[in-house]
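Asks: Take a look at this one; I'll ask things after.
The values are calculated or read from the model by the stated rules, or taken from the named source; none is laboratory data. Keep in mind that what you see is a predicted model, and the values were worked out from it rather than measured. FYI the Cβ positions are ideal-geometry reconstructions off the backbone, even for glycines, and counts take in every protein chain you see.
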Amino acid sequence: MDLKPSGSLKIDTFSMRIGDIEGIELDRLHAHSLSVGWPHRAEDWQFLRESGRGFVALDEIGRVLGSAMWFEHGADFATVGMVITSPRLQTLGAGQWLMKRVFEKVAGRDLRLNATRAARRLYLSLDFQPEKTVYQCQGVVRAEGTGRLAARGDVRTLGEGDIPAAIMLDGAGFGVRRAALIEKLFAHSAGYGLFKGDRLKAFALCRPFGRGHVVGPVVAESDADAVAVVRPHVADHSGSFLRIDTHVDNGDFAALLSHSGMPVFDTVLTMSLGKRLADYAAGDPAMPKTYALASQTLG
């Protein structure tokens, strides 16, 4: 497969050129995601720009018709997200053109992304392999439906001093150390942690996003521990819109989401290029795992 992209792309009766996402006004990026029905606010775009890098596709008069971003974690791994093309261009090669530009920047890294149904054919054509379904659970939540599973420790709010432990726990659950991202998420989030003595056993962060707030990442060793750190966020936002993106579709954690007012709204598919998601897992059921993503874009 030829992965060397040209500097411009002829689309129908006009040409597109590449631009750095940093140089694009936030209101234009916001309008771009709204054009495909994505809920990202201008503030969400800014958070992503501060966390990663990206390209936009511009037409001859500077309109944003496409975007793609990547988020590097160490020398060997990156996630890809915010791959959006204008609906009229989705079958004309614009997405593949943008992805080839991304490939130039992340050469040699294993890649992971979460694909919408509309984008799966594109990623399969680029040799990404399907992994797991992500369940987008959301709704106006109610605290009275959260149950009372026994937690194995004490739940308390997280502070700046808990960041190193959260980085270690997230790395064990996600499979890759994401120190810079976790630090940035702490700065924008409220967090609860489950402690056994002085040891952090589970945590859940919650920040403004889209229509309300999103909970993630959530990292824990068991359903009971994951429920223990998510339940306070549900209580904090009772009567408001809350979202969680998770690979978990059964058990007590999934029941918490459903009973608290967050049924499955949609699904996407985690896909990988290079080392597969399963290859990062330690295989030990006692090890922490990622119960909820930081977001579909960030993984």
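Asks: Checking the conditions here, which among ALA94, ALA78 is among the aliphatic types (A, V, I, L, M) and free of Cβ contacts under 8 Å to residues at least 60 places away in the same chain?
Replies: So the residue among ALA94, ALA78 that is among the aliphatic types (A, V, I, L, M) and free of Cβ contacts under 8 Å to residues at least 60 places away in the same chain is ALA78.
Asks: Against the definition (in the same structural domain as ALA220 (by TED's automatic domain parsing), part of a loop (DSSP other than H, G, I, E, B) and buried (at least 17 other Cβ atoms within 10 Å of the Cβ)), how does VAL155 come out, yes or no?
Replies: Criteria not met by VAL155.
Asks: Another one. Can you pull out every residue in region 90-135 that is of a type in the set (Val, Ile, Thr) and in a strand (DSSP E or B)? Don't jump to the end; show me each part of the working.
Replies: Step one: filter region 90-135 for residues of a type in the set (Val, Ile, Thr), giving 91, 102, 106, 116, 133-134.
Across region 90-135, the qualifying residues are THR133, VAL134.
Asks: Could I ask something else about it? Can you tell me which residue is farthest from ALA115 (Cα to Cα) among those in region 31-74 that are basic (Lys, Arg) and free of Cβ contacts under 8 Å to residues at least 40 places away in the same chain?
Replies: For region 31-74, the residue satisfying everything is ARG63.
Asks: With (1) at pLDDT 95 or above; (2) buried (at least 20 other Cβ atoms within 10 Å of the Cβ) as the list, and GLY173 as the residue in question, which single condition is left unmet?
Replies: Of (1) at pLDDT 95 or above; (2) buried (at least 20 other Cβ atoms within 10 Å of the Cβ), only one is false for GLY173: (1).
Asks: Count, please, the residues in region 253-295 that happen to be of a type in the set (D, E, K, R), at pLDDT below 95 and farther than 15 Å from ALA204 by Cα.
Replies: The total comes to 4.
Asks: Six or more apart or on different chains, Cβ under 7 Å: which pairs go from a residue in region 242-271 that's free of Cβ contacts under 8 Å to residues at least 40 places away in the same chain to one that's of a type in the set (Asp, Glu)? Could you list them?
Replies: The qualifying pairs are GLY251/ASP223; PHE253/ASP223.
Here's the yes/no breakdown for (1) part of a strand (DSSP E or B); (2) surrounded by fewer than 18 Cβ atoms within 10 Å (Cβ to Cβ):
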{"site": "TYR192", "(1), (2)": "yes, no"}
{"site": "LEU200", "(1), (2)": "yes, no"}
{"site": "PRO208", "(1), (2)": "yes, yes"}
{"site": "VAL218", "(1), (2)": "yes, no"}
{"site": "ALA226", "(1), (2)": "no, no"}
{"site": "PHE253", "(1), (2)": "no, no"}
{"site": "MET262", "(1), (2)": "no, no"}
{"site": "PHE265", "(1), (2)": "yes, yes"}
